[in-house]
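Structure first, commentary second.
All of the numbers you see were taken from the coordinates with simple rules; none came from a lab. What you are looking at is a predicted structure, and each value in this text was computed from that prediction instead of being measured. Positions of Cβ are backbone-derived with ideal geometry, glycine not excepted, and every protein chain shown enters the neighbour counts.
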Amino acid sequence: MSDISSIKDKAKKMWSTFAAFETVTALAAPELIKFAGVHRGDRLLDVGCGTGVVALTAAQVGAKVSGSDLTPELIMRAKENAQISNLNIDFQIADVEDLPYKDNEFDFVLSQFGHMFAPRPEIALKEMLRVLKPGGVIAFSTWPPELLTGRLFILTGKYGPSAPKDISPPVMWGEVEVIKKRLGRNVRDITFHRAEYGNPALSPAHMRVALEAYIGPIGATIKLLEPNPEKLTEFRNAMEDLLFEYFQNNTVVQSYLMTRAIKN
Ligand SMILES: C[S@@+](CC[C@H](N)C(=O)[O-])C[C@H]1O[C@@H](n2cnc3c(N)ncnc32)[C@H](O)[C@@H]1O
């Protein structure tokens, strides 16, 4: 197995600039809350919470919320967000593969584009289910490999730093059959739903520039390619071609998959 702690150190650095995208992922948060069926008074955990967009949205509907994420800069922003909104949320720095919560503590465990980035899917899932009550709901949003963000990650993988061979790519969390297999007999009533949100951008090139600046894996790939201007241009052109396919009315339309299940 690859060196897990160095993978996580790199992940922390890579995601540290993600806060700029919180207004975009904020658009998907209410969909996950509705899809999961969260109500006032429910005890809810948001893992890989980033700046807390799902946690904050759940707290606004009256849930009692905790949120955790690997990246300290994002948790700092999540706490600021809670303060600005005058919401009481327990945010902590934590790895989804090692959650600092008791067994059976939550009615809901949610993750929006978060747990999919943990290097060991089976350990992340085991932890998410451990802290969920029997009869509680696990629900997550993920980017499938055939849709824009998944395709961007696959493209980035082709040009970027080589990924460890024994680590399952995050986009596998967007494959229905893989999800069913991973959830297995731990859950019942697995339900899937596709949704989309729009990322405002003046052009595909504007979107590319924002991705390079704020999405860690893409920024790291740009750095790697800088000594090789031809390859760098090729990567940038490929990104813009891809973004162009999803660009309409000054918006990049991003579709994704939501999954919901009940813990046995
Ligand atoms: C695409 S961002 C999504 C953030 C947030 N959920 C949202 O919707 O805006 C991916 C998040 O996963 C977090 N992450 C990556 N690996 C993680 C791990 N092993 N444990 C917890 N969080 C992790 C990153 O720090 C980052 O906040």
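Observations on the structure shown:
- Per-region count, region 211-221, residues assigned to a helix (DSSP H, G or I), crowded, with 18+ Cβ neighbours inside 10 Å and either more than 14 Å from the ligand (Cβ to nearest atom) or aliphatic (A, V, I, L, M) (or both): 3
- Of all residues in region 16-35, those that are of a type in the set (Phe, Trp, Tyr) and closer than 14 Å to ALA210 by Cα total 2.
- Subset tally (residues that are in a helix (DSSP H, G or I), over 18 Å from MET258 (Cα atoms) and of a type in the set (Val, Ile, Thr)) for region 1-38: 3
- In region 98-112, the qualifying residues are those that are within 13 Å of the ligand (Cβ to nearest atom) and surrounded by 24 or more Cβ atoms within 10 Å (Cβ to Cβ), and the one that is farthest from ALA26 (Cα to Cα) is VAL109.
- If you filter region 65-96 down to residues that are near the ligand (Cβ under 7 Å from one of its atoms) and touching a residue at least 60 places away in the same chain (Cβ under 8 Å), you find that the one that is farthest from SER16 (Cα to Cα) is ASP95.
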